[in-house]
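Below is one structure, written out as structure tokens; comments come after it.
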Amino acid sequence: MSEVRSVLVNAGPWLPVPPTGYGGIETVVATLVPELRRAGVRVVLATVGTSTLDADGHVLALPEGHLSEVAAPYNRVSGVTHAYMHAVTTALRDLDVDLVHDHLEVVGPAVLGAMGTAAPPVLQTLHWDLRKHPDFYRTFDGRGRVRFAAVSQSQLDRAPRRLQEQTLGVVPLAAPLPEPYDGPTAPGDHVLVLARITRDKGQDTAARTARAAGVPLVLAGPVAGIGDPEELERRLADGSLAGHPDAVYWREEVAPLVDGDTVRWVGGVAGAEKERLLRTARALLAPNRWPEPGATGVVEALFRGVPVVATPQGVLPSLVEHGVTGYLADDEESLARHLGELDRIDPDACRAAAAPWTPAAMAASYLDLYDRLLKENR
């Protein structure tokens with residue numbers, strides 16, 4: 001049994017927990033917290049005011065999420081993260097928790113580490129591409145108070161040595177188990193991309209690939225934090241998204257390929273609509289351009305017996321077995337060819353492959369790391 005009695009889980013300022021549409025990190029937090037509580041751990045959740053996840057306590061550090069600013073220039077986005085962490089650290093002074101499980105990129109460990117022994121020990125999950133902050137991860141010293149957990153071995157293998165030395169272990173991401181569902185489950189005609197619209201996720205590649213294969217494509221995910229198509233059109237027209245890299249990518253590289261027929265964008269999805277799109281997809285398409293460390297969407301698809309066609313980037317080769325649970329390919333021509341070979345994939349093989357990535361298994365792994373962190377800091 002774990003020695004941990006209580007933990008503050010810091011979800012960050014971007015989206016509510018659980019998210020109402022896109023939100024990989026927030027989905028992981030929403031999956032983990034109930035399992036920790038089932039294991040007898042008291043959980044205080046630091047998040048934004050629109051969150052609805054049950055916990056034993058809440059620190060509502062900002063009134064609402066700020067995803068639309070996540071890719072904004074530094075002089076805008078830094079104020080969001082530091083205002084959020086100011087509220088978290090202020091609340092932390094009055095909380096009795098054994099440790100902090102942090103999920104806020106760079107700013108979380110930097111601020112909590114600077115508190116020294118005034119903060120509990122910290123474990124941060126590394127959800128992102130570590131290449132974005134080479135100076136930080138190459139030089140940061142948590143002095144044994146701040147340690148890290150990678151989400152895949154491929155991510156850890158690419159990490160700077162200083163970060164590797166401070167990483168306690170690898171905990172693969174789990175996705176929520178499918179809930180009872182009474183809608184259509186038979187595969188339809190479409191393939192699905194379920195991700196934020198951004199160049200790293202390769203939605204333009206997906207559109208060209210699906211067209212080449214003659215397969216309808218549904219793109220589901222927000223643009224610049226905006227999941228409603230009408231709102232996006234307004235924001236693009238009024239210039240408020242000028243210069244936003246995701247908005248530029250959408251306008252210049254993806255939108256010209258969206259014809260409403262072969263390629264459709266449905267905005268952000270959640271709940272029953274997300275479930276319907278997943279369960280009726282012929283495949284999940286993930287033509288990533290970056291070494292994604294976790295890929296919860298892939299796990300969600302496999303849980304439902306949906307094969308995955310993807311580029312062999314980051315964690316994907318460890319999640320997708322070529323020819324068994326989907327296909328891996330580097331170029332658009334090969335990806336398109338594999339979309340014509342989906343009937344060879346057994347849905348039961350996909351479900352079986354996803355079996356190790358359960359929420360309970362993820363929580364058990366984190367409890368082991370919590371115990372190690374506490375023992376190191378006695």
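Between Arg93 and His322, the modelled label-to-label distance comes to 5.7 nm, taking each label 7 Å out from Cα in the direction of the beta carbon. Of all the options Pro63, Pro256, Pro176, the one that moves most in a Gaussian network model of the chain with Cα springs shorter than 10 angstrom is Pro256.
Across the range 301-314, rounded Karplus estimates of 3J(HN,Hα) from the backbone phi angles (6.51 cos²θ - 1.76 cosθ + 1.60, θ = phi - 60°) give 5, 4, 4, 9, x, 9, x, 10, 10, 8, 7, x, 10, x Hz, Gly and Pro being marked x.
Overall shape: oblate for the range 283-363, with the ratio a/c of the largest to smallest alpha carbon gyration tensor axis at 1.5 or above and b/c at least equal to a/b. Dividing the helix sum by the residues of the chain, where each DSSP H run of 4 or more adds -39500 (n - 2.57), gives a mean residue ellipticity at 222 nm of -10500 deg cm²/dmol.
The simple Förster model, with R0 at 25 Å and r as the Cβ-Cβ distance, assigns Glu253 and Glu179 a FRET efficiency of 0.10. By the rule of a C-alpha distance below 14 Å, with chain neighbours fewer than 8 residues away ignored, the aspartates and glutamates paired with Lys132 are Glu105, Asp200, Glu292. Note on the range 167-325: with neighbouring protein chains present and a 1.4 Å probe, carbon and sulfur make up 48 percent of its accessible heavy-atom surface.
When restricted to Cα atoms, the chain yields an Rg and a Dmax of 20.4, 61 Å, respectively.
Evaluated at q = 0.20, 0.22 Å⁻¹, a Debye calculation over the C-alpha positions of the range 46-185 (equal weights, vacuum) places log10 I(q)/I(0) at -1.35, -1.48.
Per-atom-type breakdown for the range 1-125 gives carbon and sulfur 53% of the accessible area (1.4 Å probe, protein chains only). Quick one: helix 229-238 against the long Cα principal axis of the chain, what's the angle to the nearest 10°, folded into 0 to 90? Approximately 80 degrees, to the nearest ten. Here the range 117-205 carries DSSP beta bridges of which approximately 0% are antiparallel, counting only pairs with both residues inside. Each Lys and Arg Cβ is given +1 and each Asp and Glu Cβ -1; about its Cα centre, the range 140-244 then shows a dipole of about 740 debye.
The packing ranking, built from the mean of other Cβ atoms within 10 Å per residue, places the peptides 300-308, 95-103 in the order 300-308, 95-103, highest first. Its relative contact order, with pairs defined as Cα atoms under 8 Å and 6+ residues apart, puts the range 203-298 at 39 percent. For His190, the residues 5 or more places off, or on other chains, whose built amide H falls under 5 Å of its own are Arg282. Amide H contacts for Val146 (H built 1.01 Å from N in the peptide plane; partners 5 or more residues away or on another chain; cut-off under 5 Å): Val122. Dimensions of the range 238-378 along the principal axes, based on C-alpha atoms and rounded to the nearest Å, stand at 58, 45, 32, largest first. Each of the peptides 277-286, 222-231 was scored by the mean count of other Cβ atoms within 10 Å over its residues; in descending order, highest first, they stand as 277-286, 222-231.
In terms of overall dimensions, the C-alpha atoms belonging to the range 2-48 reach 34, 16, 11 Å along their principal axes, ordered largest to smallest. Here the range 128-167 is assigned +1 on the Cβ of each Lys and Arg and -1 on the Cβ of each Asp and Glu. Its dipole about the Cα centre then comes out at about 100 debye. Please state the shape class of the range 165-268: rounded when a/c is under 1.5, otherwise prolate if a/b exceeds b/c and oblate if not, all from the C-alpha gyration tensor. Cα axes put the range 165-268 in the oblate bin. Note: relative contact order over the chain, using C-alpha pairs below 8 Å and six or more positions apart, is 17 percent.
Highest average first, the peptides 313-325, 64-76 ordered by how many other beta carbon atoms sit within 10 Å of their residues are 313-325, 64-76. Rounded to the nearest 20 debye, the dipole magnitude of the chain is 900 debye, with +1 charges on Lys and Arg beta carbons, -1 on Asp and Glu beta carbons, and the Cα centre as origin. Taking amide H atoms as placed 1.01 Å from N in the peptide plane, the amide H of Trp265 lies under 5 Å from those of Leu219, Gly260, each 5 or more residues away in sequence or on another chain. With respect to the chain, whose longest principal axis is taken over its alpha-carbon atoms, helix 24-38 is tilted by about 50°.
Does the range 35-81 come out rounded, prolate or oblate, given a ≥ b ≥ c as the square roots of the eigenvalues of its C-alpha gyration tensor, rounded meaning a/c under 1.5 and, failing that, prolate meaning a/b above b/c? Because a/c hits 1.5 or more and a/b exceeds b/c, the range 35-81 counts as prolate.
The values are calculated or read from the model by the stated rules, or taken from the named source; none is laboratory data. Please read all numbers here as calculations on a predicted model, not as lab measurements. Heads up, the Cβs are rebuilt from the backbone with ideal geometry, glycines too, and the neighbour counts pull from every protein chain shown. All accessible areas refer to the heavy atoms of the entire protein, side chains included, with ligands and DNA or RNA removed. Shrake-Rupley method; radii C 1.70, N 1.55, O 1.52, S 1.80 Å.
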